Amino acid sequence: MSSVFGATGKSKEDYSFLSKDIMGTNNCVKEASFNFMLFNPRSLNNKINDVMGLFQDKDIDIASIRESWLEDDTNFTTSIIKSYGYSIIHEFREGKRGGGTAVVFKTGLPVNVCKISTAFETFEYVAVWLKADNTKIILVTLYRTGNLTSIFSNELDLLLSDISAKADDFIIAGDLNIHFEKNSRSIKQSHDVFKSYGMEKLVNESTHVNGKSLDQIFLFSMNKTLRYSAFEVEPLNSLGSDHFPIFCTFYASLSGKYFKNIHVRNLATVDKVSFSTDLKDVLLETTITSNGFGSAVHNLSSACKSVLDKHAPITTKSISVVDKAPWFDKEYREFRKLRR
């Protein structure tokens, strides 16, 4: 079951991920960043204060948590999370021990549930939208246990098909319990699914006490606008878990935006009756000279424009223009609709 807990009454628009200008002049191009943590604590319940202390020490903005061991939507653990200034979106195992996936983030950051239409049997997950200005990123926290079969690969393909139709930038982070360093058929099949969507495997270090990279992050960024810092795996901060926390910072180059002035008339507010009367009067007063056809057209145009200027004067408006990829055309948008 899913739950969102910890949101305050403040508007989401009041907050954003940390951003800075990376270009000046006329183009206002910015870069947003967020400090990220991936961790399997093997229960938040018995170490929540230690985990939240780690959040504060590392100034974590958002974290993917597996094996939360939460059994209901609101409880003592989620209350402590909120007391530290964080919120949680999570899938819990009602009345069952173990499992559970969660995204924990600083309260007020623009993080919202991302709905996936398909139900899955081989893994648990929670998906969220991260928004920074005009850029949207999907983050999926995934937890898989049990034997690795082709069913997982098929369900993974369905998941990636869904989110790739929704966003151009997405991250899969979780405890997959897959030894990607091995070359078995089932492991290769799973890895091939990720690669078929252009996803890059990011973690190569050992993330487990037994020396295995069971915790993994996959990244896809269509225009290479989503980047990451070097990963930091910290065995000394495992807090009693057999998994090590992983830290990094993600950087998103926001859509290039600049402003231009346009000239507009507010025709919607024109009184049609009054406009018609004034137009009739000015046309009757306009003298058609014998200086030729061109002169007559000029006089009529000037008379009509004077009436239009009176009822709907030209005003100047500044609008923002967002750069679009040249290949993002009508045909591409139609195919994305079909995939949905």
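None of the figures in this text is laboratory data; all of them are computed from the coordinates on show. What you are looking at is a predicted structure, and each value in this text was computed from that prediction instead of being measured. Glycine also receives a Cβ, built like all others from the backbone with ideal geometry; neighbour counts cover every protein chain displayed.
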Checklist outcome for this item: quick shape note, segment 83-223: Cα extents on principal axes in Å, largest first -> 44, 40, 30
Checklist entry - Using 7 Å Cα-to-Cβ label points, what is the Ser150/Asp72 separation (nm, one decimal)? => result 4.4
Checklist entry - Roughly speaking, what is the stretch gain from Gln56 to Val264, that is 0.36 nm per residue apart minus the C-alpha to C-alpha distance, in nm to one decimal? => result 69.8 nm
Next on the checklist: Given axes a ≥ b ≥ c from the Cα gyration tensor, I'd like to know whether segment 39-134 is rounded (a/c under 1.5), prolate (a/b larger than b/c) or oblate.
Outcome noted: oblate
Checklist outcome for this item: Cα extents of segment 203-314 per principal axis, largest first, Å, are 99, 30, 16
Checklist outcome for this item: With no solvent term and unit scatterers on the alpha-carbon positions of segment 82-139, Debye gives log₁₀ I(q)/I(0) at q = 0.13, 0.30 Å⁻¹ of -0.41, -1.26
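With r defined as the distance between the Cβ atoms of Asn210 and Ser318 and R0 fixed at 51 Å, what FRET efficiency is calculated, to the nearest 0.05? Numbers along the way, then the final one.
Values: r = 60 Å, r/R0 = 1.17.
Calculated transfer efficiency: 0.30.
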Item to check | Extension gain (nm, one decimal) between Ile187 and Asp157, 0.36 nm per residue minus Cα-Cα | outcome: 9.4 nm
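Let me have the relative contact order for segment 22-170, percent, based on Cα pairs under 8 Å that are six or more residues apart.
Worked out over segment 22-170, it gives 17 percent.
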Checklist entry - What does the convex hull of the alpha-carbon atoms of segment 204-264 project to on average, in nm²? => result 6.9
Item to check | Neighbourhood net charge (15 Å Cβ-Cβ; Lys/Arg +1, Asp/Glu -1) for Asp278 | outcome: 0
Checklist entry - When Lys and Arg each count +1 and Asp and Glu each count -1, what net charge do the other residues less than 9 Å away from Val307, Cβ to Cβ, add up to? => result -1
Next on the checklist: Viscosity 1.002 mPa s, temperature 20 °C: give me the Stokes-Einstein translational D for segment 71-113 in µm²/s, with Rh taken as the Kirkwood radius over C-alpha pairs.
Outcome noted: 194
Checklist entry - For the cross-link pairs Lys47/Lys188; Lys131/Lys188; Lys58/Lys136; Lys58/Lys182; Lys96/Lys224, which exceed 29 Å when the distance is taken from alpha carbon to alpha carbon? => result Lys47/Lys188; Lys131/Lys188; Lys58/Lys182; Lys96/Lys224
